[in-house]
Structures are given as structure tokens and as C-alpha cells.
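The values are calculated or read from the model by the stated rules, or taken from the named source; none is laboratory data. Note that the structure is a prediction, hence the values are computed from the model and not measured. Positions of Cβ are backbone-derived with ideal geometry, glycine not excepted, and every protein chain shown enters the neighbour counts. Protein only, heavy atoms only, side chains kept; ligands, DNA and RNA dropped before computing areas. Shrake-Rupley method; radii C 1.70, N 1.55, O 1.52, S 1.80 Å.
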Amino acid sequence: MKIYLYGVREDEQGYMKEWSNAHPDVELDYTNQILTEETADLAKGYNGVVLLQTQAYTRAALEKLQSFGISKISVRNVGLDGFDFKDLRDLGFSLTNVPVYSPNAIAEHTTSLMLRLLRRVPEFDQKFANTDFRWFPTIGEEINGKTVGIIGTGHIGSVVARIMMAFGAKVVAYDIKPNPYLENLGIYVDTPDEVIEQADILTLHTPLAKRDVHMIDADAFAKMKDGVILINAARGGLVDTDALIAALDSGKVGGAGLDVLESENDVFQKKFDSINDVKDPQFKALINRDNVIITPHTAFYTTTAVHNMVFDSLNDNLKMLENKAPKYPVDITVE
Amino acid sequence: MKIFAYGIRDDEKLVLEEWKSTNPGVEVNFTGYDLTSDSAFLADDADGIVTMQNAHYSRDALEILNKLGIHNLSTRTTNIANFNFKDLKELGFKLTNVPDYCASSIAEHVIVLMGQLLQQQPQFTEKMHQGDFTLSPNIGQSFSSQTIGVIGTGRTGLAVIKLLQALGSKVIAYDIEHNSDLETQGLYADHLTELYQKSDVITLQLPLTSNTRYLINDSAIKQMKPGVILINCAHGQLLDTDALIKGLDSGQIAGAGLDVLDDETSVFGKIWSSLKNIPNGDIRDLLQRNNVVITPHNAFYTQTAVRKMVITAFDSNKALIEGKTPSTIVDLDK
């Protein structure tokens, strides 16, 4: 059995080796390039592919895989918005993902972004860079006592809710399908608007369904409390970035912690000669503000998560190749 | 009734206004200056004094207050080490402090520092400013995969433990006196050595005494796990800075988050024209490392904490003036 992995980072290789040692009869090879029409040729002769990329999976690339007799795809992450399920159906692919690899990692990063904004860490960094070691007048705030609004209470949002309650925050949450384990906490409200209106700190933890593109737009910002802090460690497309920039300019939004951006594929994972070479206008409008913290899609990036992403995706790809039921099959019959 | 306040900062004024509006019978005046023999006269016909300063309270200043007939003193902080109790007793003063204003503030700051180090945030920030948005090799560690040693389980230590447990960390604690809740949970190590050997991250939440001064020295650091992360938001002198630097150089210590430093008063609170001018070589060294996160003793400094400091101090001072004994009274015989 032969499996080919795309988009492999250096830090994944140790876990691949570990998996390989436990499966001596499976042959693994990999590239650090993502799957494109050109790189699809690398998988020729392999039985399954394991992928990870934020760019779309093109029909042309998938057609090539199909022509090599490959029909089993496993992604090492949760997000499936890079696939057009119709393409997969047309070409006869089966797909698995890793729906839960470390809810804690994202929840912790969310907490960390909130705390760094509340404690005005970028301003202190700036002060230190100017060798100014005064704490006055850069007064901070605490999560304790704040109202934290959570939209989406699945694997990640529910961990965020638990952490926020321990920090002494009042949590208000919305989900289309309330999580039964959280319902008795009395945190749910009936509409996303109620969350948006009440929150001192608003954090998003939903997937990017088509109807949720720009869930947070100019109208939503208008309903928020003055000085609200917005955290997005979910999907860049959930926030209308131009509306966010306007809300930061007007002071409506007091701070933003962003691990994802609408246009992140033009910036994140890339290495520029200098930060000035980044041309994306939204990124440029956000990066130099002392009330905005951008992290380059690092929330998931912990040893625990990477281990689970590599192991779960390879296990499921092998299961499919052996005609066994995978642990995390994706239903590609839905739109 | 009149209260005069010293060392009032801009961020305290709003809270002060709030207190005045709920206590209309009290006339409050204040200055931004510390209480010294020069400024003591400003209190003139006040019935009580509310104060907060890092500098020592001189006997001269207290004698002037005594002559003005003022004997009710309330400090807006926990710290009472800058009062000479003998002076206070001889001159007939009563003193109150704010015993607990910032457990949550400090606990959250501990999490800020730990999070930045576990997620390698300084490295990512530095990479990003150079135009590098790649992940490898700066992989983070999840709180939920860490065993975290908490030395000292007083108010702040307990608050830290509560947050760490919510974040999914395994907590191991040490203190001479045991908290019964933590005891029931079986969190206490029998010896510091056990805590040192088992912890991926260690945070200091204990007071500075002659027994704890430089508790974390070469021999303590040697007993720790290679790659340990150290956090100190308690007192600079709990940690031997030379031993810390040695541990960072050898890699025994992978990162340090420090809100307090030994000899910090020579650096914090000031603006320097250049790093080169910083008089303390150890601090200069630490400031230049990207696996060391330093904050200028601002762990306590939140709106919530400042509000509690101001309200508690003024409430206590008013109670003293009314001849009551508030719960915040300091026993000057101890």
C-alpha cells in the first residue's frame, strides 16, 4: 500500500516517521508542495493521498489523481471549504477529514488573543522597543467580569465557554444547534444578534458555511457595544474585513485578534523579503495598529494537534484503502 | 468629614469621582505627589489620609500629620513594608490596607505570559515583522498537555490554579501550609524537588521572606526538567537572575516570563534613550532574548484592580474617621 502526502511541513515529519514505524507495510512519500494540477503527477503510482492546504483543490488536479487510479483522499484538517463536493462526486472520490484534533489549542489561542489585547501587549512591546519601562498609563483589563459572546459552540466553542466561565466572565452563546452539555449552564440566547449586542468580547467558532460568509458585516458592527473586542480564530470569510477596518477606524471596535484573514492565502505561510513586500491592502490596513493582533493561522499549531492531524488522517486513508470504514468519513452528497 | 489623598494617578480619578458621588458627605481633595515632609502640609484640616507610594513613609512626614491632628491612614495597596510600625504606634496612627485587590488580575497576567511562551509568540511576532509568515519550526505546546508547578497557594496561587485547570493543565502545587480544597484534589507535592522534577512550567506565587529569597537558584534549576518554562509575577528576589541566565544559556530553561526582576527599580518606571544605557547588565541581557517575556510590573494594573484599591481604601478611611474598625485594619503589633 502506498500513500502520498502533500503540503508537509518539517514539524510533521517526525510524526509521519512514527506512524510509518508502526505500519511497516505501508509506503509513505511526501512533498512540501500543495496539490495543484502540476504537482498531482507526484502521486502517480500511489493508492491514496493525504492533503493539507488553505488554497482550493482544483478540478484539474483532482482529475489527474483520478486518472492515476487514486480515489481516496484524506485531509489532515477540519475545513472542507477548499473542495467542490460536486467535483468529488463526479470523479468518484471518497473523503475523510480530522474534525477534532485539538479543540484546546484553538480555545487557548483565542483566550491568549483576548488577554493580550486586554493587557495591551502590543503597546507594551512598542514601549519596550522605545526603552520605555513605565507601566503607567497603559492600564489593562481582565476577562474576569466581562461579558464574552460566543457564536458557535461545537468542539472548540464549548471549550472556550468553559475556559471563559472559569475566568469569571459572563458567557452568552448562540448556536443553531445548542450543545446539550452546555444547555444547563444557561448561556444560550435565541439569536446571534443578542450575542452581538451584549458582548464586551465577541469570539467566532463556526465553520464557513455559504450563508455565514460575512456574518460579521457593517450591520453587525453597528449593533455591537462601543469598544468591543472581536476575536476570529475560525475562518477569515466570517468577517467582512473592510467593515472591520472601518469599525476600527471609527473606534467602534476597541481591539481585534485575528488568526485568520479573508485574504490570508496571499500572505500566510509565505516568506517575503520584508514585511513591506506584503501587498495585500487589508493586511496592510490592519498590521500596524496597536489594538490589532494578527497571528498567521497558528492557533491550531501545537505538538498535540499536529500529532493528531498526521495520525488520524493516515489511519483513515489506510482504512479506506483496505476497504474498511474510516473513523471520520465526510458526507460529500451535501452541498 | 474631609479626606486628603496622595499619589493619585489619572486612571484613579474616575473611580475617585465614583466614590465621591456615593459618599456626598465626604469632602475629598488630592494631589499627585507622594506623602513626604514637604507635601504633608497639604492635608491640613483633613480627618484622614489615603495614600499609595513605592517610597518609604518618613517619620518627618508622619510627625507633621500628627501635629495636624491626623491619625487615620489608609493605603491603596497591599504592601505595608514601606511603613515603620514603630513610628506609627508612637505617633498614634491607625493604618488600613487593601489585602486582596488583584488575585484575578495577577492570575490572568500569569496566563498571558505562559501563553506567549508556550505558543512561541515572541518568535512569531519577530518573524512576522521580517515578512516571514511560515509556521515551522515554532510549534507551540498546548496548556492541556502541560504539567504546571505552582509554588505558593495563597490567594493568587489559588486563582492561577483555577485558570490552569480550566485550560486543561495538570497542576502540581507546593506550599508550607496546605489549602484544604487542593489537598482533597491531591495536588500537593511533598517536596519542592518533586515539583521541580515533574513540571513542564513553574510559576512562583509566594511572598518574599528570608527563607524564600533566591529560592530559585542554580541547584533548584538543576533539578528541573530540561526545557522548563519559568514564570515570576511575585517578587524579583525569589529568582537568582545569574542562575536564570545560566539556565537560559544552557537550554535547561526554554523560556521565562517575568513581571518582576531583582533590582527592577533601577530600570522599571523609567524611559531610557537606548538599551545600552540600562544600568543593570543582567536585565539588559534578559531584555534582548526572544524566549524571555518581560513586563514592567504591571500584572496588578487593571481597571478592576485599580477600582478595588481606590474604593476599599476610601471606604476604610471613612470607617476609621467614624471611629469604626474596618476589616482592612493592619495590626501594628505584628
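With the cut-off at 1.5 for a/c, could you classify segment B:1-104 from its C-alpha gyration tensor as rounded, prolate or oblate? Oblate, because a/c is 1.5 or more while a/b does not exceed b/c. When DSSP beta bridges are restricted to pairs lying wholly in the protein assembly as shown, around 5% turn out antiparallel.
For segment A:103-294, what is the charge dipole size about the Cα centre, in debye to the nearest 20, if Lys and Arg each add +1 at the Cβ and Asp and Glu each add -1 at the Cβ?
Working: 20 positive and 28 negative charges, 84 e Å.
Here the size comes out at about 400 debye.
Comparing each chain alone with all protein chains together (probe 1.4 Å, DNA, RNA and ligands left out), the residues of segment A:293-335 losing at least 30 Å² of accessible area are A:PRO296, A:THR298, A:TYR301, A:THR302, A:THR303, A:THR304. Distance from the C-alpha centroid of segment A:88-105 to that of segment B:279-314: 45 Å, rounded to the whole angstrom.
Taking all C-alpha pairs of the protein assembly as shown, those more than 51 Å from each other amount to 18 percent.
Calculate what fraction, in whole %, of the accessible area of segment A:178-310 sits on carbon and sulfur atoms when a 1.4 Å probe is rolled over the protein chains. Exposed carbon and sulfur together represent 49 percent of the surface. Annotation: per residue accessible area for segment B:245-334 equals 44 Å², rounded to a whole number [probe 1.4 Å, protein chains only].
Which one of A:LEU185, A:LEU314, A:LEU202 has the biggest mean-square fluctuation once chain A is modelled by GNM with Cα springs under 10 Å? Checking each option, the largest mean-square fluctuation is seen for A:LEU185. Residues of segment A:254-285 buried by at least 20 Å² of accessible area upon assembly of all protein chains, compared with the chain on its own (1.4 Å probe): A:GLN269, A:LYS270, A:LYS271, A:PHE272, A:ILE275.
So what is the relative contact order for chain B, in percent, with contacts set as C-alpha pairs under 8 Å and at least six apart? Walk me through the numbers before you get to the answer.
Numbers: 596 pairs, mean separation 61.5, N = 334.
This gives 18 percent for chain B.
Listed peptides B:264-272, A:92-100 appear in the order A:92-100, B:264-272 once ranked by packing, highest mean of other Cβ atoms within 10 Å at the front.
Where a ≥ b ≥ c are the square roots of the eigenvalues of the C-alpha gyration tensor, would you call segment B:1-51 rounded, which needs a/c under 1.5, or, failing that, prolate if a/b is larger than b/c, or oblate? Verdict is oblate for segment B:1-51. Residues whose amide H lies under 5 Å from that of B:THR302, counting only those 5 or more places away or on a different chain, are A:GLY140; hydrogens are built 1.01 Å from N in the peptide plane.
Interface residues of segment B:140-171, defined as those losing at least 10 Å² of solvent-accessible heavy-atom surface relative to the isolated chain (probe radius 1.4 Å), are listed as B:GLY140, B:GLN141, B:SER142, B:PHE143, B:SER144, B:SER145, B:LYS162, B:LEU163, B:ALA166, B:LEU167.
A Gaussian network model of chain A, with springs between Cα atoms under 10 Å, assigns the largest mean-square fluctuation among A:VAL121, A:VAL239, A:VAL260 to A:VAL121. When only Cα pairs below 8 angstrom with a gap of at least 6 residues are kept, segment A:179-265 shows a relative contact order of 29 percent.
Protein heavy-atom accessible surface, 1.4 Å probe, per residue over segment B:132-183: 38 Å².
Diffusion of segment A:192-257 by Stokes-Einstein, at 4 °C in a medium of 1.567 mPa s and with Rh set to the Kirkwood radius over alpha-carbon pairs, works out to 112 µm²/s. One equal scatterer on each Cα of chain B, no solvent, Debye formula: the resulting log10 I(q)/I(0) at q = 0.12, 0.13 Å⁻¹ is -0.93, -1.04.
For segment B:103-294, what number results from the quotient of the Cα radius of gyration and 2.2 N^0.38 Å?
Details: Rg = 16.6 Å, N = 192, 2.2 N^0.38 = 16.2 Å.
The value comes to 1.02.
Chain A contacts chain B over a buried accessible area of about 5000 Å², both sides summed; the probe is 1.4 Å and only protein chains count. Computed per residue of chain A from DSSP H runs no shorter than four, each worth -39500 (n - 2.57), the mean residue ellipticity at 222 nm is -10500 deg cm²/dmol.
Would you mind getting the Kirkwood hydrodynamic radius of chain A from its Cα pairs, rounded to one decimal in Å? It would help to have the intermediate numbers written out before the result.
Working: mean 1/r = 0.0466 Å⁻¹.
About 21.4 Å, per the Kirkwood formula over Cα pairs.
Put simply, segment A:103-294 fits an ellipsoid with semi-axes of 27, 21, 15 Å; these come from the alpha carbon gyration tensor as the roots of five times its eigenvalues, largest first.
Here the relative contact order of chain A, from alpha carbon pairs under 8 Å that lie six or more residues apart, stands at 19 percent.
For segment B:151-174 versus segment B:250-276, the inter-centroid distance based on Cα atoms is 25 Å. Shape class for segment B:53-188: oblate, because the ratio a/c of the largest to smallest gyration tensor axis (alpha-carbon atoms, square roots of eigenvalues) is 1.5 or more and b/c is at least a/b. Residues whose amide H falls under 5 Å from that of B:THR77, counting only those 5 or more places apart or on a different chain, are B:VAL98, with hydrogens built in the peptide plane. Applied to segment B:319-326, the Karplus parametrisation 6.51 cos²θ - 1.76 cosθ + 1.60 on θ = phi - 60° returns per-residue 3J(HN,Hα) values of 4, 4, 5, 7, x, 8, 10, x Hz, with x for Gly and Pro. Separation of segment A:279-329 from segment A:64-87 is 16 Å, based on Cα centroids.
Give the long-range amide H neighbours of A:VAL253: residues separated by 5 or more places, or on another chain, with amide H under 5 Å away, using H modelled in the peptide plane at 1.01 Å from N. Distant-sequence amide H within range of A:VAL253: A:GLY227, A:LEU248.
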